[in-house]
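The values are calculated or read from the model by the stated rules, or taken from the named source; none is laboratory data. Because the structure is a prediction, the values reported are computed rather than measured. Glycine also receives a Cβ, built like all others from the backbone with ideal geometry; neighbour counts cover every protein chain displayed. For accessibility, only protein heavy atoms count, side chains too; no ligands or nucleic acids. Shrake-Rupley method; radii C 1.70, N 1.55, O 1.52, S 1.80 Å.
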Amino acid sequence: MMNIGFIGLGMMGYPMAHLLTQGGHALRVMDLNAATTSRFVAEHEGASAAAALQDFGDAQVLITMLPDSNAVESVVLGKEGMQGLDGILRPGTAIIDMSSSEPVRSRRLAGLLAGRGFRYLDAPVSGGVKRAVAGTLAIMVGGDAQVLADMEPVLNLLGKCTHVGAAGAGHAMKALNNYVSAAGLVATVEALHAGQAFGLDPNVMVSVLNASTGKNNTTENKASQFMLSGAYNSGFSLALMAKDLGIAMGLGKSVGQPMPLGDEVLQIWRDASEALGPSADHTEMYRYAPPKT
Ligand code: NAD
């Protein structure tokens, strides 16, 4: 049993923190949304709420599941004169960032934390809310192999780990995964719209794609379930997907690798995000109609 601090009880963090309590760990939780924190504590015996970052002082492991690097750095390093976790946690504590953060910033953060005696892993996830609930996420881990070996009993409660390299490598892998996923989603949506305009039935199209070489994660797990059904409630926001694509394209630029298709795909997601607003689910790309030429 470990004392685990967990920050960020959103669509992903809430079910992940739940599984950690099921695994017998003592959780101290925090979210900007105080009502969410209270609900978690009410639903989980043995879990307690952190009213301030200072309340994480006795954590052996500190997990962040926040929107982006800005949010992660604000709690780990502090902001606007407020002390961060780096001044609160005991040296030796493992800080695991499971958010989809920016790899270059994560590498820098890992270096800063190592200098202050902390252990660090970036361990972003793939699989969406459904697999977060089931504890079957794909977890891509950057950082020291020994730290991962120490933390695997905790992370294995959430899914399956693959060690992909040094600090920051997990976040690089995650951004590139989401580029491939987002490109496949846009291709699927465009094909469904063009097919419908020609007179094809989109439900039949999805069945045929899934029996053919066009099959991808969107045709298998999103098109019927969240798009054609009109549900648009996958639990992953369009704004977060646009953020991930921005990270992937930034990564390409930082290593001098052109990604011309990715630049186009990023623009489509940014335009959709602006048109549909911050609360849109990413599957609403299906109802986002780019202007016909
Ligand atoms: P979310 O917006 O549902 O949850 C984020 C939570 O963090 C919110 O509850 C918010 O109140 C809280 N928060 C923000 N800033 C905070 C701060 N400074 N201190 C405390 N709490 C703060 O997002 P999500 O869908 O759970 O995604 C979390 C991360 O996981 C993101 O990086 C996202 O890209 C990634 N991700 C999401 C999915 C998905 O399907 N939703 C899948 C894989 C990865």
(request) Inspect all residues belonging to the range 58-74 and state whether any of them is within 13 Å of the ligand (Cβ to nearest atom), polar (S, T, N, Q) and touching a residue at least 60 places away in the same chain (Cβ under 8 Å). (result) no
(request) Could you please let me know if VAL164 is part of a helix (DSSP H, G or I) and at pLDDT 95 or above? (result) no
(message) Being assigned to a helix (DSSP H, G or I) and open to solvent by 20 Å² or more (accessible area, probe 1.4 Å) is the filter here; which residues of the range 215-245 pass it?
(response) ASN217, GLU220, ASN221, SER224, GLN225, PHE226, LEU228, ALA239, LEU240, LYS243
(message) Looking at the range 126-142 only, could you name the residues that are open to solvent by less than 10 Å² (accessible area, probe 1.4 Å) and part of a strand (DSSP E or B)?
(response) LEU137, ILE139, VAL141, GLY142
